[in-house]
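Remarks on the structure that follows.
The values are calculated or read from the model by the stated rules, or taken from the named source; none is laboratory data. Quick caveat: nothing in here was measured; it's all calculated off a predicted structure. As a convention, Cβ positions derive from the backbone with ideal geometry for all residues, glycine included, and neighbour counts pool all protein chains shown. Surface areas here come from the heavy atoms of the whole protein model, side chains and all, with no ligands, DNA or RNA. Shrake-Rupley method; radii C 1.70, N 1.55, O 1.52, S 1.80 Å.
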Amino acid sequence: MNRIGVFGANGRMGLALLEAVTNNKNSQLTGAYVRASSPLLGMAVKQLNSAVAEELTFSDEAEINNIDILIDFTLPAGMRAHLKTAVAHKIPMVIGSTGLNKDDMHALQQAATQIPIVFARNYSVGVNVLLNLVQTAATKLGEDVDIEIFEAHHRHKIDAPSGTALAIGEAIADAKGWQHDNVARFQRHQDEQAKSQNEIGYSVLRGGDIVGEHTAYFATSGERLELTHKASSRMTFALGAIRAAGWLKNKPAGLYDMQDVLDLK
Ligand SMILES: NC(=O)C1=CN([C@@H]2O[C@H](COP(=O)(O)OP(=O)(O)OC[C@H]3O[C@@H](n4cnc5c(N)ncnc54)[C@H](OP(=O)(O)O)[C@@H]3O)[C@@H](O)[C@H]2O)C=CC1
Ligand SMILES: O=C(O)C1=N[C@H](C(=O)O)C[C@H](O)C1
């Protein structure tokens, strides 16, 4: 049985994770962590998610005990603090936070020399298969192909483009032998420059309650291939994270991703 603690337990993903852990027969929810300043401290978790056991209350994220694996789907500042806590307690970690910068990625790599970490910008099986499909499309469609990535998410999402859109772009750049930073084009407004074929263009929509949609476009002069993934429930990501937690338990220190978990490499 894996004893699991969830950071950002009151967030959209946090609440989905609490339910997924509760319903998983190989896991036990032993920590629902919120900020030290949160008004939720001490409140029964059941009041926000009826699927969770009666006795569990929200607790301070600095007071970790009785945990085998920690899960973090928060924001970059939260992730950085939670990573330090996990390293200090030597507890493996599953991380889904997006919007991370280069320094955050460096901190992840450093932490992974001490604890095992799965970091994925999307925990759905479909997106992880998509990461392989876009590489095939990028290499088989020849040089005369224009590549663009579109993503759509709910009105509350802060980072843009999404972590998944960037992961798709990076997978394509790898397959093409490009440096992603050199070919990513994030805006065209007043750019007065036509598209180059050594370029990955990104566009973003925010609105309503869209859970997460991503399309990679491969357009040549005469045909167009569109590869789309649509998530219809956050539970998809939560179930993927629980699967990653089970996979991670006895792994050596290192930085892994969901393609490792799913054996897709
Ligand atoms: N990898 C994947 O498959 C997926 C990743 N995500 C990512 O997960 C993250 C969370 O998304 P979502 O649940 O929609 O967001 P929410 O805004 O609903 O939740 C964010 C949570 O993080 C907490 N938090 C934010 N900043 C800090 C901080 N500095 N210290 C401690 N806790 C903090 C919030 O606490 P408080 O309420 O107190 O502010 C809240 O509990 C995003 O980065 C998103 O992109 C989402 C879905 C799937
Ligand atoms: O914020 C979200 O909601 C999501 N974030 C992830 C991302 O940035 O790619 C994954 C998913 O698309 C939902």
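With a 1.4 Å probe and every protein chain kept in, tell me what percent of the accessible surface of region 125-231 is carbon plus sulfur.
Carbon and sulfur: 46 percent of the exposed surface of region 125-231.
Considering only DSSP beta bridges with both partners in region 125-231, what is the antiparallel share in %, to the nearest 5?
Percent antiparallel among DSSP bridges in region 125-231 is about 65.
When only alpha-carbon atoms count, how far does region 125-231 stretch along each of its three principal axes, as whole angstroms with the largest first?
Projected onto its principal axes, the Cα set of region 125-231 covers 37, 37, 27 Å.
Applying the Karplus parametrisation 6.51 cos²θ - 1.76 cosθ + 1.60 with θ = phi - 60° to the phi angles of region 234-250, what ³J(HN,Hα) value in whole Hz is obtained for each residue in order, glycine and proline being reported as x?
The phi angles translate into 5, 4, 4, 5, 5, 5, x, 5, 5, 4, 4, 4, x, 5, 6, 3, 10 Hz.
For a quick check, take a GNM of the chain with Cα springs below 10 Å and name the residue from 102, 176, 230 with the largest mean-square fluctuation.
102
Determine, for each peptide in 238-248, 73-83, the mean count of other beta carbons within 10 angstrom over its residues, then list the peptides with the highest first.
Answer by packing, highest mean first, reads 238-248, 73-83.
Taking amide H atoms as placed 1.01 Å from N in the peptide plane, list the residues 5 or more away in sequence, or in a different chain, whose amide H sits under 5 Å from that of residue 212.
Hits under the 5 Å cutoff: 231.
For residue 265, go through the lysines and keep the ones whose alpha-carbon is under 27 Å away, minus same-chain ones fewer than eight residues off.
Excluding near neighbours in sequence, the set is 102, 140, 176, 230, 249, 251.
Considering only protein heavy atoms, what per residue accessible area in square angstrom results for region 125-231 with a 1.4 angstrom probe?
Each residue of region 125-231 exposes 53 Å² on average to a 1.4 Å probe.
List the relative contact order of the chain as a percent without decimals, with contacts defined as Cα pairs under 8 Å and 6+ residues apart.
21 percent
Relative contact order for region 125-231: what percent, with Cα pairs under 8 Å and sequence separation of 6 or more?
40 percent
Tabulate in residue order the Karplus-calculated ³J(HN,Hα) for region 209-224, using 6.51 cos²θ - 1.76 cosθ + 1.60 with θ = phi - 60°, rounded to whole Hz; enter x for Gly and Pro.
So the J values, rounded to whole Hz, are 10, 4, 6, x, 10, 9, 10, 9, 9, 10, 10, 10, 7, x, 7, 9.
How big is the antiparallel share of DSSP beta bridges in the chain, given as a percent to the nearest 5?
Percentage antiparallel, nearest 5: 35.
Expressed as a whole number of Å, what is the distance separating the alpha-carbon centroids of region 218-265 and region 17-88?
23 Å
If you wrap a convex hull around the alpha carbons of the chain, what volume per residue comes out, as a whole number of Å³?
Per-residue hull volume (Cα only) is 139 Å³.
Could you list the square roots of 5 times each eigenvalue of the Cα gyration tensor of region 25-73, that is, the equivalent ellipsoid semi-axes, sorted largest first and rounded to whole Å?
So the three semi-axes of region 25-73 are 17, 15, 9 Å.
Under unit Cβ charges (Lys, Arg +1; Asp, Glu -1), what dipole magnitude, rounded to 20 debye, does the chain have relative to its Cα centre?
That gives a dipole near 600 debye.
Among DSSP beta bridges lying fully in region 4-113, give the percent that are antiparallel, nearest 5.
5 percent
Which of 158, 172, 91 moves the most in a Gaussian network model of the chain with Cα springs under 10 Å?
In the Gaussian network model the winner is 158.
Which of 194, 152, 16 moves most in a GNM of the chain, Cα contacts under 10 Å?
In the Gaussian network model the winner is 194.
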